[in-house]
Amino acid sequence: MNQFQHRNGIMHAEDVSLPDIAAAVGTPVYVYSASAVAEQYRRLSEGLSGLDHLICYALKANSNQALLKLLAGMGAGFDAVSGGEIARVLAAGAPGDRIVFSGVGKTRMEMRDALLAGVRQFNVESEPELELLNEVALSMGTRAPVAVRINPDVDPKTHRKISTGKSENKFGIPLERARNVYETASAMDGIRIAGLDLHIGSQLTSLAPLERAYRKAADLVAVLRSDGFQIDRIDLGGGLGIAYDRNLPGPPTIEQWCDLIGRETDKLNCEIVIEPGRLLVGGAGILLASILYLKRGHDRRFLVIDAAMNDLLRPSMYDAHHEVLTVRDASDAESAILDVVGPICESGDTLAVQRSMQLPAAGDLVAIMSAGAYSSAMASEYNSRPLVPEVLVSGNRFAVVRERNDIGKMIARDRIPNWL
Ligand code: LLP
């Protein structure tokens, strides 16, 4: 079901018209659909219902407290990658033992806070990290539950900046050293072996690389067990992509991913953890913006809008495609090829390139689609543009779930030394 649809010529988020939100909150603004998030979670949960499992939402995709609360209420766990993310999960009321703690650069302080929070497991990515974790846990008189993140050397066939499963990537421990690491870990008094972990990349559009990686992991579980280690849990990471471009074939469905997980882990007798981020929230959000100008270049036409690369970095950073739709159905309007650009002073500030769309008018609203994941989460204040608000819609209700920042607060954070 698509929660962002035109009704009587006006795009709605669930039952709320987008112009109503723009009038109340201003633009640019992120708009999220609660039922879209819930529906994705439910599909995953149903798909895995035959397995002992925990769906750990990777909150780096979107860490708004309202979304965390919504997912926590549905029983989700969380994949956190910083002390800040752990604090966010706890603040949303979820218990620490529903958190898996990932990331290649955990600090001593983050380890301590995670142990105090009682996280479910640390996904350990290197030998020195394991040593430090052991030291921190011992100093606190406890044992840290550990899953070793392996690097299966599988090409996930995605954008190079979000590929994590190949041997040249900084993530995980090479398969050939995994047995050694478990050996070392098992001799440490501050470590308890909890399982095995992997994550090969993001926005995957085929299941084949996941299948290869899961097989390698399952084979390793068998070897580790024959070595005498207790492996009760396997964390398969996240990564399944969403459809950004209606003109391209879509990625595999949630149900197909769940079937694959069921098949590949069938005989392992392990608790299954997955860490989806984008899949849960990506399609559930849009960035709503106003058209400032229709500008003619030498041979191009530009739609200058009030949202920019600081609000949505993905097109500049990954050449990502996001559909741009007019909020007022403009199907009777003349169509044109346009570049959709923001006000920021660099040519990389382009949200859509050479897009064929109905020609809107200045003052009209546009919806940049599939902007629920890695969008507000990656926003910056570049060009001294305050972070934009976020709105959550549920049925015919909506609420501001993050306020617009203001320039006064931004300036007040800076300090002028007394020698200036
Ligand atoms: N687990 C780990 C250890 C991860 O590093 C990630 C994402 C996930 C889970 C969630 O992956 P997902 O299910 O969302 O694909 N900023 C990029 C995406 C970066 C992904 C980083 N890691 C983008 O906008 O496409």
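The values are calculated or read from the model by the stated rules, or taken from the named source; none is laboratory data. No experiment lies behind these values; they were computed from the predicted model shown. Here Cβ is always computed from backbone atoms with ideal geometry, including for glycine, and neighbour counts include all displayed protein chains. Side chains are part of the model used for accessible areas, which takes the heavy atoms of the whole protein and leaves out ligands, DNA and RNA. Shrake-Rupley method; radii C 1.70, N 1.55, O 1.52, S 1.80 Å.
Kindly establish whether TYR214 is out of contact with any Cys (no Cβ under 9 Å at 6 or more places or on another chain) and within 16 Å of the ligand (Cβ to nearest atom).
Answer is yes for this residue.
Given the options LEU116, LEU132, name the one that is part of a helix (DSSP H, G or I), closer than 30 Å to ALA66 by Cα and at pLDDT 95 or above.
On the way: LEU132 fails: closer than 30 Å to ALA66 by Cα.
That would be LEU116, the only listed residue that is part of a helix (DSSP H, G or I), closer than 30 Å to ALA66 by Cα and at pLDDT 95 or above.
Scanning segment 253-277 for residues that are within 13 Å of the ligand (Cβ to nearest atom) and open to solvent by 10 Å² or more (accessible area, probe 1.4 Å) returns a single hit, GLU275. Among the residues of segment 278-291, just one is within 16 Å of the ligand (Cβ to nearest atom), part of a strand (DSSP E or B) and among the β-branched types (Val, Ile, Thr), namely ILE286. Among the residues of segment 365-381, not one is out of contact with any strand residue (DSSP E or B) (no Cβ under 8 Å at 6 or more places or on another chain) and over 24 Å from VAL81 (Cα atoms). The residue of segment 292-350 that is least open to solvent (accessible area, probe 1.4 Å), among those that are touching a Gly at 6+ places or on another chain (Cβ under 7 Å) and not in a loop (DSSP other than H, G, I, E, B), is ILE305.
Taking each residue of segment 313-327 that is closer than 13 Å to ASP349 by Cα and more than 11 Å from the ligand (Cβ to nearest atom) and looking for partners that are among the aromatic types (Phe, Trp, Tyr) and at pLDDT below 95 with beta-carbon atoms closer than 7 Å, six or more apart or interchain, yields nothing. Screening the candidates GLU176, GLU110 for the property of being without any contact (Cβ under 8 Å) to a residue 40 or more places away in the chain, over 21 Å from ILE86 (Cα atoms) and open to solvent by 20 Å² or more (accessible area, probe 1.4 Å) yields one hit, GLU176. For segment 363-420, a tally of residues being closer than 17 Å to ASN64 by Cβ and aliphatic (A, V, I, L, M) returns 13.
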